[in-house]
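Notes for the one structure printed next.
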Amino acid sequence: MKRVLIATGGGDCPGLNAVIRAIVHRASQEGDWEVLGSIQAFNGILREPTEIVVLDNKRVAGIHFQGGTIIETTNKGGPFAWPVKDNNGVWTTDDRSDEMIRKIRHMHIDAVINIGGDGSQRISQRLFEKGLNIIGVPKTIDNDLSSTDSTFGFQTAVEIATEAVDKLVTTAASHNRVFVLEVMGRDTGWIALNAAVAGGAEVCLIPEIPYDIHKVKDALDKRFTNDRGFAVLVVSEGAHAKGQGLVTKVNNEIGYENVKLGGISRVLIQQLEELGFRHDMRETVLGHLQRGGVPIAYDRVLSAQFGVKAMEMAIAGDFGKMVAYHHPKFVAVPLAKAIAKPNLVTLDNALIRTAKGLGICLGY
Ligand code: F6P
């Protein structure tokens with residue numbers, strides 16, 4: 001019997017369960033593969049006693065449309081940075097990667113499939129360099145992984161953000177107000193840009209294009225005549241004004257290495273008020289509503305394709321690679337290439353051109 005271990009790491013994302021189910025179904029066709037799941041990313045392997053579950057067709061029945069991940073996830077710590085308290089009570093980290101690889105081998109696991117975003121795939125690459133038979137599957141609502149046309153979960157997040165724009169437009173128009181919708185997107189503005197185009201927003205501000213507040217105010221002024229008018233702005237959480245830093249929150253979570261973002265929508269409203277913009281303004285922070293819940297059909301299909309391809313790579317012994325969508329094919333790209341650079345929105349991107357063509361102010 002051969003064994004494949006699945007781990008889901010980083011923030012949860014619509015479609016994770018659909019990938020797990022696809023891996024299990026494809027593995028079951030072989031007859032000689034058992035699928036295991038490590039609870040909470042690699043923590044399940046690292047903990048004593050280990051937290052490993054068997055995943056068979058019965059266990060994954062009907063999970064493809066469930067949000068979250070049945071094997072849980074975490075975006076803290078990991079095999080290279082396991083949080084530990086030293087003798088003085090100060091938190092520090094241990095590299096437990098060698099121990100983890102030993103444990104995986106001891107359990108006769110032949111392949112590992114790590115479903116996660118950029119941080120998780122960096123861990124995959126480092127584990128591969130240490131000799132682990134590992135395959136990556138690109139997950140993130142932010143769509144910030146290059147080497148693949150798309151990551152699963154992204155289109156669901158866009159759908160949720162667009163629905164929010166649609167709802168805010170009606171209240172904005174009824175009250176002659178400005179609404180600022182803050183969406184996820186730490187380093188990239190894909191969710192914001194797609195939702196702004198789909199929802200017909202007037203302004204879209206993204207991390208890749210630091211904004212000029214005067215340009216934003218000019219665009220909003222044009223929307224009002226004799227105090228009547230309305231506008232919707234879609235803003236990535238990682239957006240920031242020219243020459244200014246990110247808007248962040250204090251973070252006291254042990255082992256959490258990301259900068260905790262949030263609050264740019266409020267800051268933007270204050271900046272507009274300081275410039276003398278006097279119309280009513282409200283902010284809505286969409287937050288984790290974009291990550292939970294049912295994946296749309298597109299993401300379920302993409303997840304199923306990623307899962308089947310990942311399992312076929314495991315069967316073929318094609319390790320050190322990430323599954324990627326290169327329309328219309330699903331291919332294997334080296335993990336090193338997949339993590340080499342993020343998938344950022346560039347000024348020459350077709351969607352930027354479209355947004356400009358629609359008259360959306362991008363803050364520059
Ligand atoms: O990476 C996806 C993402 O949704 C980012 O856009 C966001 O900054 C981050 O996750 C927040 O994650 P959490 O609040 O779960 O730590």
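The values are calculated or read from the model by the stated rules, or taken from the named source; none is laboratory data. Note that the structure is a prediction, hence the values are computed from the model and not measured. As a convention, Cβ positions derive from the backbone with ideal geometry for all residues, glycine included, and neighbour counts pool all protein chains shown.
In table form, for the structure just shown:
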{"quantity": "Selected residue [outside any loop (DSSP other than H, G, I, E, B), under 29 Å from residue 255 (Cβ atoms) and either touching a Lys or Arg at 6+ places or on another chain (Cβ under 7 Å) or not assigned by TED's automatic domain parsing to the domain that holds residue 315 (or both)] from 20, 45", "calculated": "45"}
{"quantity": "Odd one out for residue 85 among (1) surrounded by fewer than 16 Cβ atoms within 10 Å (Cβ to Cβ); (2) under 25 Å from residue 34 (Cβ atoms)", "calculated": "(2)"}
{"quantity": "Of all residues making up the range 224-259, the number that are within 24 Å of residue 167 (Cβ to Cβ), of a type outside the set (A, V, I, L, M) and surrounded by 11 or more Cβ atoms within 10 Å (Cβ to Cβ)", "calculated": "6"}
{"quantity": "Matching option when the condition is more than 15 Å from the ligand (Cβ to nearest atom), farther than 18 Å from residue 18 by Cα and buried (at least 20 other Cβ atoms within 10 Å of the Cβ), among 145, 132", "calculated": "132"}
{"quantity": "Residue pairs meeting the criteria (Cβ under 6 Å; at least 6 apart or on separate chains; first touching a residue at least 60 places away in the same chain (Cβ under 8 Å), in the range 308-320; second assigned to a loop (DSSP other than H, G, I, E, B))", "calculated": "319/133"}
{"quantity": "Any hit, the range 9-23, residues being over 22 Å from residue 154 (Cα atoms) and either of a type outside the set (Val, Ile, Thr) or surrounded by 18 or more Cβ atoms within 10 Å (Cβ to Cβ) (or both)", "calculated": "no"}
{"quantity": "Flag for residue 125 being away from the ligand (no atom under 16 Å from the Cβ) and of a type in the set (S, T, N, Q)", "calculated": "yes"}
{"quantity": "Residue match in the range 257-267 (condition: touching a residue at least 24 places away in the same chain (Cβ under 8 Å), in a strand (DSSP E or B) and either within 16 Å of the ligand (Cβ to nearest atom) or more than 19 Å from the chain's Cα centre (by Cα) (or both))", "calculated": "yes"}
{"quantity": "Options 308, 345, 294; residue that is within 16 Å of the chain's Cα centre (by Cα), buried (at least 18 other Cβ atoms within 10 Å of the Cβ) and among the aliphatic types (A, V, I, L, M)", "calculated": "345"}
{"quantity": "Failed criterion for residue 189 (all others in (1) within 16 Å of the ligand (Cβ to nearest atom); (2) in the same structural domain as residue 64 (by TED's automatic domain parsing) hold)", "calculated": "(2)"}
{"quantity": "Criterion: assigned to a strand (DSSP E or B) and in contact with a helix residue (DSSP H, G or I) (Cβ under 6 Å, 6 or more places away or on another chain) - qualifying residue of 60, 4", "calculated": "4"}
{"quantity": "Answer from 289, 233 - the residue that is more than 15 Å from the ligand (Cβ to nearest atom), outside any loop (DSSP other than H, G, I, E, B) and on the phi < 0 side of the Ramachandran plot", "calculated": "233"}
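Conditions tested, residue by residue: (1) within 30 Å of residue 111 (Cα to Cα); (2) of a type in the set (A, V, I, L, M, F, W, C); (3) in contact with a helix residue (DSSP H, G or I) (Cβ under 9 Å, 6 or more places away or on another chain); (4) not in a helix (DSSP H, G or I).
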| site | (1), (2), (3), (4) |
| --- | --- |
| 279 | no, no, yes, yes |
| 293 | yes, no, yes, yes |
| 301 | yes, yes, yes, no |
| 305 | yes, no, yes, no |
| 318 | yes, no, yes, yes |
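Yes or no, residue by residue, for (1) under 11 Å from the mean Cα position of the chain (by Cα); (2) closer than 15 Å to residue 337 by Cβ:
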{"residue": "111", "(1), (2)": "no, no"}
{"residue": "115", "(1), (2)": "no, no"}
{"residue": "122", "(1), (2)": "no, yes"}
{"residue": "125", "(1), (2)": "no, yes"}
{"residue": "133", "(1), (2)": "no, no"}
{"residue": "138", "(1), (2)": "yes, yes"}
{"residue": "143", "(1), (2)": "yes, no"}
{"residue": "146", "(1), (2)": "no, yes"}
{"residue": "158", "(1), (2)": "no, no"}
